[in-house]
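Accompanying notes for the structure given below.
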Amino acid sequence: MQPAIVDEFDPPFVLNEPQAQTIPFVFNAPHAGAVYPASFLAASRLDAVALRRSEDAYVDELFASVTELGAPLLAARFPRAYLDVNREPYELDSRMFDGRLPPFANTRSMRVAGGLGTVPRIVADGQEIYHSRLPVDEALHRIEWLYKPYHRSLRQLVRRTADLFGQAILIDCHSMPSSSVSRDDGPKADIVLGDRYGTACHTLLIDLVEAALRGRGYTVVRNKPYAGGFITEHYGEPALGRHALQVEINRALYMDERSMEKKPGFAVLADDLFQAFIQVISDIEGELNTRPIAAE
């Protein structure tokens, strides 16, 4: 399936709000963007379909109904292959650029070494994106123009939620290729929950989400192979009543991974997620009647 192609993003991300926020949840889909700048496609050695392999395709649609529950949903429109907001702001590979990177850039992280920094060098299946090096100013422009406004909006949502309810629960919504969760010793995971090995949210939250999803028939594992990225790590501060949980959904459940077309089961999965979070919210509210979900 071909992506939408534009000269510039207008807008670069969207915030879908309920009429009134009634629950301490914020949902975020940072890798769901499917709008590609024409200049980016021209600079790439890959075609548009190959570039889409990095997308968390349709994840914003899978979680769209959370606004009916009283929670906002923030979603990127720019693609992950163009800029990844689930990284540090300056996690950059110096080999990709002509010119000198800022001295504060993190050029030595494992993610940079793997080609998946803030401005990625490869798509998810390991193919190189660009014909040639990019000007440093291009990377810095993407960070100023997209990365910083996106995180400013996300921080404001979390802060507003914490002010309204005394705490904030961020659900970071992603998808994963089915090949990343193959297992020789058991069934493939349908959903991977990441809480940075217990550091990004209270155990009550991940326990309730896992129970609700298992109750709807899904195979759920924790933290392997995805424990949560920059967003889960940096927005999850349980001691301050701010909790972050990453949810990774196996793409084979809802789409053909080669053609990127939705499967007939898409609507069933979307409804299962909706019903699961109705249950989680109800169970969390029972706890909130007596105490905030703070640090253990």
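Relative to the longest principal axis of the Cα atoms of the chain, helix 203-214 runs at roughly 90 degrees.
Only Lys, Arg, Asp and Glu carry charge here, each on its Cβ (+1 for the first two, -1 for the last two); on that basis the chain has a dipole of about 600 debye about its Cα centre. Database remark: amide H of residue 6 closer than 5 angstrom to the amide H of 36, 38 (H placed geometrically; neighbours at sequence offset of 5 or more, or on other chains; Pro and chain starts carry no H). For the chain, the longest principal axis of the Cα atoms and the long axis of helix 148-165 meet at an angle of about 10 degrees.
Measure nothing fancy, just the Cα-based angle from helix 266-288's long axis to the longest principal axis of the chain, in degrees from 0 to 90, nearest 10. The answer is roughly 50 degrees.
Beyond a 29 Å Cα-Cα separation, which of these cross-linked pairs lie in this structure: 224/262; 148/263; 188/263? Can you show the working numbers first?
On the way: 224/262 26 Å; 148/263 35 Å; 188/263 18 Å.
Pairs exceeding 29 Å: 148/263.
The amide H of residue 176, built 1.01 Å from its N in the peptide plane, has 249, 250, 251 as neighbours under 5 Å, considering only residues 5 or more places off or on other chains.
Close amide H partners of residue 242, meaning residues 5 or more places away or on another chain with modelled amide H under 5 Å apart, are 168, 237. Within the stretch 226-281, all pairs of alpha-carbon atoms sorted by distance into 10 Å bins from zero give the percentages 20, 33, 34, 12, 1. Using θ = phi - 60° in the Karplus curve 6.51 cos²θ - 1.76 cosθ + 1.60, the 3J(HN,Hα) couplings for the stretch 135-147 round to x, 3, 4, 5, 5, 5, 5, 4, 5, 5, 7, 10, 4 Hz; x is entered for Gly and Pro. Ordering 149-158, 13-22, 224-233 by mean Cβ neighbour count within 10 Å, with the highest value first, yields 224-233, 149-158, 13-22. Listed values for the stretch 112-118 are Karplus-derived 3J(HN,Hα) couplings in whole Hz (6.51 cos²θ - 1.76 cosθ + 1.60, θ = phi - 60°), namely 4, 4, x, x, 10, x, 4, and x replaces Gly and Pro.
Here, each number is a calculation from the coordinates, and none is a lab measurement. Just so it is clear, the model here is predicted, and its values are computed rather than measured. Positions of Cβ are generated from backbone atoms using ideal geometry, with glycine treated the same way; all protein chains shown enter the neighbour counts.
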